[in-house]
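What follows is a single structure, written as structure tokens, with notes after it.
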Amino acid sequence: MTLKTLPTLPAARPRANVQFDLSPRAMQAWNPGIRSAMDDEESTITIYDPIGEDMWGDGVTAKRIAGALRRIGSGNDVTVNINSPGGNYFEGLAIYNLLREHQGRVVVNVMGIAASAASVIAMGSDELRIGRAAFLMVHNAWVGVMGNRLELREVADWLEPFDAAAADLYHVRTGIPQESIVAQLDAETWIGGGEAVTAGWADGLLTADEVEEGGAQASHRLAAKELDLAMAKAGIPRSRRRELMQEFKSGTPSAAGGGTPRATATDTPSAVEHDLEPLPKLEFPGGMSNA
């Protein structure tokens, strides 16, 4: 497959009441410690985080990938190693288009998972290789929406062209009939390494020594992602989750939390004291009070 035969995907901006978010199923399946054993090559780009800015202010953005491609040089070959649960669909479209337009040869290696928007990015390759235990995940654009029933219907109609564009890309890249691709997107489909090669999603398998798993740092990152997932399941909006995660990262308490936390000398890490002002005495008509 040559990139020149792949379609350009439509660039767009999200609506004000639409928020792209990570699929909880993709987050549960993602092990952020899985990576390539050969990430130190100068011509290698790594995509080991959610697509778009994440709760930590990190994540993989089109701006970052554009900078990496400029550093490598437009005519030079590039390797892109992916282990990502997906994320912002529009960032994924932009990154795919950047890879498609790159003048050198593009090889994509799926080390762990390439889910949702990350699977779109993976299609922007002259050659796509995947680990035997790795997965691609494809589905329709996954968003959170605020609004009434009329606004929700409008957003559903607005999303259709983007889902259709993704289906067309997968069809062209794999050769699978488009109606079959649409059915896989509607169902949310996970495609393992061996099946991906057999069905045409990938061109070959990675060898076992090309994939490795990280240590403690990866465990900390996974714990943070699991915390975010738990908050998402609890219905906490993404904007508030981001605030809480940034506070957790920096150690700065929320102004809305009330009280002044003071760490005490204790063997219990979670032990925290709060200085609380006494409640004011309330005066009621007729001489009654709360004393």
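Pairs linking a residue in segment 78-92 that is within 21 Å of ALA202 (Cα to Cα) to a residue that is surrounded by fewer than 24 Cβ atoms within 10 Å (Cβ to Cβ) and of a type in the set (Lys, Arg), with Cβ atoms under 7 Å and 6 or more positions apart or on different chains, are ASN81/ARG35; ASN83/ARG35.
The condition (being under 25 Å from ASN31 (Cα atoms), surrounded by fewer than 22 Cβ atoms within 10 Å (Cβ to Cβ) and basic (Lys, Arg)) is satisfied by just one residue among ARG71, ARG105, ARG64, ARG100: ARG64. Being modelled with pLDDT under 95, among the small types (Gly, Ala, Ser), touching a helix residue (DSSP H, G or I) at 6+ places or on another chain (Cβ under 8 Å) and more than 25 Å from ASN17 (Cβ to Cβ) holds for only one residue in ALA216, ALA265, ALA224, and it is ALA224.
Rundown of residues vs (1) among the hydrophobic types (A, V, I, L, M, F, W, C); (2) buried (at least 21 other Cβ atoms within 10 Å of the Cβ); (3) in contact (Cβ under 8 Å) with a residue 40 or more places away in the chain, yes/no style:
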{"site": "ASP126", "(1), (2), (3)": "no, no, yes"}
{"site": "ARG129", "(1), (2), (3)": "no, yes, yes"}
{"site": "ARG132", "(1), (2), (3)": "no, no, yes"}
{"site": "HIS139", "(1), (2), (3)": "no, yes, yes"}
{"site": "VAL143", "(1), (2), (3)": "yes, no, yes"}
{"site": "TRP158", "(1), (2), (3)": "yes, no, yes"}
{"site": "VAL172", "(1), (2), (3)": "yes, no, yes"}
{"site": "ASP203", "(1), (2), (3)": "no, no, yes"}
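The residues of segment 53-68 that are within 19 Å of VAL110 (Cβ to Cβ) and either touching a Phe, Trp or Tyr at 6+ places or on another chain (Cβ under 9 Å) or not in a helix (DSSP H, G or I) (or both), listed by number, are GLY59, VAL60. The residue of segment 177-198 that is nearest to the chain's Cα centre (by Cα), among those that are surrounded by fewer than 16 Cβ atoms within 10 Å (Cβ to Cβ) and aliphatic (A, V, I, L, M), is ALA187.
The values are calculated or read from the model by the stated rules, or taken from the named source; none is laboratory data. Because the structure is predicted, anything quoted here is derived from the model rather than measured. Note that we place each Cβ from the backbone using ideal geometry, even for glycine, and neighbour counts take in every protein chain shown.
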